[in-house]
Structures are given as structure tokens and as C-alpha cells.
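Contents: one structure, followed by commentary.
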Amino acid sequence: MTSSSVSFQQQLSDSQQRCENALNSALHQLNISDDYLADAMAYSLFNGGKRVRPFLVQATAQALGINDARVDIAMAAIEMVHSYSLVHDDLPAMDDDDLRRGQPTCHIKFNEATAILAGDALLTGAFEILADMPADFSIAQRLQLIRLLSQGSGASGMVAGQAIDLASVGKDVDLPHLERMHAYKTGALIRISVLMGAHCGNPDSETLRHLTTYANAIGLAFQVQDDILDIESDTVTLGKQQGADVALNKPTYPALLGLEGAKDKAKQLHQQALEALKNLSGDTLALAQLADYIITRNH
């Protein structure tokens, strides 16, 4: 871990701009033939997201000395998948949310069918831009990035977590069940963001092991903090309906551990993440600062 003269907030802002430039390039590359669909996709991508997952791609790659077009494409791909997941999560058949980041959700702004199609197009587009990486990036590397994103977003990752979540509503679940659910639902894409950043280069197995420990810890911490904010924050700050999880009788960490217990859990996970980074060479300061940000954010 090394020092940096640029503040974390500035690094995050710079990364957000880099990601938005990459997303604009990706939408242009996809050559979307329907204007209404294109508008819905752009609306879902450019609505003020924190871009945590693309930041993780960039910060991990830079820690390993990589900073080229591969990173930008991987940043765009992971954010397209994340945005698709939010569009579909907000649908009436899922969480039935009207607000996302303080704005009407995609199905409210457009319509339900268009929101479904916009999500579908964002998901498939993510794999298209990875497959179409410039020729000077090896086919093996492109395939590895595609494989990672598939695993993190599909039936062995995020989609599995959402299925477990839907099946858990209104039921009494224990802590191992909740942690398993969120390891898939939230943690999978965060872990894959870190690993995609690493696989923009050629990481060794020891590096991957420590990065995976770090990613698993911050992925779970992210969800614990979300659950805490659902209780402590407000709708304006969150940009979505405060108390929605409680209203839906969803299992949460404060419900199982109590509010103070959930806060202690977040602190423990934060420490695990920082300990994992100590085993890595290279500039891991941004990764450490991201771990700090995850448990101190208010939205």
C-alpha cells in the first residue's frame, strides 16, 4: 500500500468519468437500431450511479500495473451488467420499486416491456463489447473476462442470489443462509469486478487468492451497510424508498444481529479486507480506500 497525492473522492470522480466515457463508447459500438430502446438503456446507465464496480476493475488493474483499453472495456461491461440487474430488480415482478437513485425507475419512466428489453440489451451488450476487444488483446484473455462475467452474473452468481432472496421473503432465515444469499446477489459482481481487473493482466494464483479474500469481504460489507442504511437513512439521501426491506419483511443483517451487531459485522469485514491487501505488492491504496468508503457511505 502506498500513499497518493490525489484524494479518494477525486479518484472516484475521475473513475466515474472514465467509466461514463467507456459506456458512451460501448453504446455507440452496439449500434442500437431502436431509438426508444436506446433511450431506455442510456437512462438506466447514466442516472448517477456510484460506479463502485468499475472503480474496482480500474483500481485492481492499476495495482497490478495495467492501465490500457482492456480496463475501460471491462469497466463498461461490469457496469452494463450491474445496470441491467437494477432495471430487472425494480420490476413489479421483483422488488416493485418506483425510485432508483432519486429518479423514476426504468419501467416507470418508459414502460415495463421496454424496461425488460433494455435490461436484456445491456446484459448481452456487455458480452459483445468484451468479445470485440481490439485484436492486440489475446483471445484467451477475452474468453477469461467473458467467463468471469458470465459466472458472476448468472445462475452461479447474481441471478442465483436474487432467486434465493425472492424465496426468502417472509421466512425466518439464519445468518449462514443470509450470508450465502448475499455472497451471490451482491458479492458475486463485486468479486468479479476485482478479478476482471486482475485478469486484464496475467495474475498469479497467490495474488488472485488475496484479491478474492478482499473482494468477498467488501462484497458482504457492502450489503451489510445497505441494510443498515435502510434503517438509519432517509428516502431523499438513499435515492430509493427508505424502509423498503422492512416493509417487504426481507431478511436483513440488523434483523438477525441487531443494529449494533450489524455495524460490528461491517467493521469486521472491513478489517478482513484490509488484512488481505497487506499480502499484495503494488499500489493498493485505492482498494483500501474503497473498503473504507463502503462502510462509511450514507447512500
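Quick note: the coordinates plus some simple rules give every number you see, no bench work behind them. Being a predicted model, the structure only gives us computed values, none of them experimental. Positions of Cβ are generated from backbone atoms using ideal geometry, with glycine treated the same way; all protein chains shown enter the neighbour counts.
Less than 5 angstrom separates the built amide H of Arg100 from those of Thr105, all sequence-distant by 5 or more or on a different chain. Of the labelled figures (1) 21.7, 84; (2) 18.7, 58; (3) 18.3, 53, only one reflects Rg and Dmax of the Cα atoms in Å as derived from the coordinates, namely (3).
The length gained by stretching the chain between Arg101 and Val169 to full extension, at 0.36 nm per residue less their Cα-Cα distance, is 22.1 nm. Multiplying the residue separation of Asn298 and Ile231 by 0.36 nm and subtracting their alpha-carbon distance yields 23.0 nm. Taken one residue at a time, the phi angles of the range 166-178 give Karplus couplings (6.51, -1.76, 1.60, θ = phi - 60°) of 4, 6, 9, 4, x, 10, 7, 10, 9, 4, x, 5, 5 Hz. Gly and Pro are set to x.
Over the chain, what is the relative contact order in whole percent, taking alpha-carbon pairs under 8 Å and six or more residues apart?
For the chain, the relative contact order is 22 percent.
For the peptides 189-196, 81-88, the ranking by packing is 189-196, 81-88, with the highest mean count of neighbouring Cβ atoms within 10 Å listed first. Shown is the FRET efficiency for Ala140 and Arg209, computed with R0 = 25 Å from the Cβ-Cβ distance and rounded to the nearest 0.05: 0.75. Approximating the spin labels as points 7 Å out from Cα along Cα→Cβ, the Ser7-to-Asn67 distance works out to 2.0 nm. Each label point was placed 7 Å from the Cα along the Cα-to-Cβ direction; for Asp14 and Arg180 their separation is 4.3 nm.
Restriction of the trypsin sites (Lys or Arg not before Pro) in the range 1-103 to DSSP coil positions whose beta-carbon has at most 15 other beta-carbons within 10 angstrom yields Lys50, Arg101. Measuring between alpha carbons in the structure, the pairs from Lys109/Lys265; Lys171/Lys263; Lys250/Lys278 lying more than 29 angstrom apart are Lys109/Lys265; Lys250/Lys278.
Before rounding to the nearest 500, sum -39500 (n - 2.57) across all DSSP H runs of length at least 4 in the chain and divide by the residue total; then give [θ] at 222 nm in deg cm²/dmol.
Result for the chain: -22500 deg cm²/dmol, rounded to the nearest 500.
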